[in-house]
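Asks: What follows is a structure written as structure tokens; I'll ask about it next.
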Amino acid sequence: MHALARPFIPPTPRRAVESYWRQHPVRADQLARALAALSSAPEGWVWRSGSRKSSGAPLSFRAPPAPFREKTHARGPGYCCVCGQPVFRLGWHRDLWGDAHPNRNATWHGCCVAAWKLWTAPSDHVRHLRRLQNHRCAATGARLGKDAEVDHRVPLFRVWRDAEGAGRTWPALLTYWGVPNLQVINRSAHVEKCGVESAARARLRQAAATERNAGGLAATRALRDSC
């Protein structure tokens, strides 16, 4: 029904599936995180950033953690590199055809493709997010203006810093890249929020530097006293 309602009907069933998920990124996000919950994190996997793209590890904390995209934990063709679940015909997440085996030519679910695009480029989906908020600013409650921007409620740098201490594990971490942690706010509110977050990061850096300096002084005194 979705394909037939489009201005230009997709020429193939696979394109129709892709079109459906592209038009419903919020549903794709929910389903992708639910599928990831069925897989759980591979044994021995640790969220870390990589120095090379070839490793598959994210290059910064802004990229969502994806253990099955890393070479050491990839499940290979027929399994989704985002959630780790089997991929069936047309990139579908369920075996509607009764084949009893995954599609060995696929490594992505259609929903996971759409979800990944939402996680990595949420600003491209502002139209859908504005609709979820009834076109109201999540910070002030005012009407969203044309300059409204997408923001993470919990900053990603804080997720990266506190993930281990707070016991957050994959796939629960994906929530911070998904719709539950996304909001659309007016630019003025976004600027103010970014200022508060920048000040908080500066205080953390200053505290860390003070702690390092104190540790260095203590080590120097201990060495001097031992001489």
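The values are calculated or read from the model by the stated rules, or taken from the named source; none is laboratory data. Fair warning: this is a prediction, and the values are worked out from it, not measured in the lab. All Cβ positions, even for glycine, are placed from backbone atoms using ideal geometry, and neighbour counts span all protein chains on display.
Asks: Filter segment 86-105 down to residues that are outside any loop (DSSP other than H, G, I, E, B) and without any contact (Cβ under 8 Å) to a residue 60 or more places away in the chain and give me whichever is nearest to P65 (Cα to Cα).
Replies: Taking the candidates together, the pick is P86.
Asks: Let me ask another. Of the numbered conditions (1) in a loop (DSSP other than H, G, I, E, B); (2) more than 15 Å from L174 (Cβ to Cβ), C83 satisfies every one except a single condition; which is it?
Replies: (2)
Asks: Hey, another quick one. Is it true that A16 is farther than 21 Å from G178 by Cβ and at pLDDT 75 or above?
Replies: So A16 fits the description; yes.
Asks: Looking at (1) under 14 Å from L182 (Cβ atoms); (2) within 20 Å of the chain's Cα centre (by Cα); (3) in a loop (DSSP other than H, G, I, E, B), find the lone condition where W108 falls short.
Replies: Every listed condition holds for W108 apart from (1).
Asks: Condition check: assigned to a loop (DSSP other than H, G, I, E, B), surrounded by 17 or more Cβ atoms within 10 Å (Cβ to Cβ), modelled with pLDDT of 85 or more and not basic (K, R). Does A41 satisfy that?
Replies: So A41 passes the test.
Asks: Sort through R52, R62, R89, R48 and tell me the only one that's at pLDDT 90 or above and either out of contact with any Ser or Thr (no Cβ under 6 Å at 6 or more places or on another chain) or within 29 Å of H190 (Cβ to Cβ) (or both).
Replies: Of R52, R62, R89, R48, the one residue that is at pLDDT 90 or above and either out of contact with any Ser or Thr (no Cβ under 6 Å at 6 or more places or on another chain) or within 29 Å of H190 (Cβ to Cβ) (or both) is R89.
Asks: Another one. Residues to consider are R143, R203, R131; find the one that is surrounded by fewer than 12 Cβ atoms within 10 Å (Cβ to Cβ), farther than 27 Å from R27 by Cα and among the basic types (K, R).
Replies: Numbers: R143 fails: farther than 27 Å from R27 by Cα; R131 fails: farther than 27 Å from R27 by Cα.
None of the others qualify; the one that does is R203.
Asks: Within segment 145-157, can one find any residue that is touching a Ser or Thr at 6+ places or on another chain (Cβ under 6 Å), of a type in the set (A, V, I, L, M, F, W, C) and outside any loop (DSSP other than H, G, I, E, B)?
Replies: yes
Asks: Here is a further query. Let me confirm something: among L129, L174, which residue is within 22 Å of A36 (Cβ to Cβ), in contact with a strand residue (DSSP E or B) (Cβ under 8 Å, 6 or more places away or on another chain) and either part of a loop (DSSP other than H, G, I, E, B) or of a type outside the set (S, T, Y) (or both)?
Replies: L129
Asks: When both residues are 6+ apart or on different chains and their Cβ atoms are under 8 Å apart, which pairs have a first residue that lies in segment 199-223 and is closer than 25 Å to P155 by Cα and modelled with pLDDT of 75 or more, and a second that is among the charged types (D, E, K, R) and assigned to a helix (DSSP H, G or I)?
Replies: L204/R161
Asks: Filter segment 104-130 for residues that are modelled with pLDDT under 95 and over 20 Å from S19 (Cα atoms) and give the result.
Replies: R104
Asks: Where residues in segment 65-86 are at pLDDT 90 or above and of a type in the set (K, R), which of them is nearest to L118 (Cα to Cα)?
Replies: R69
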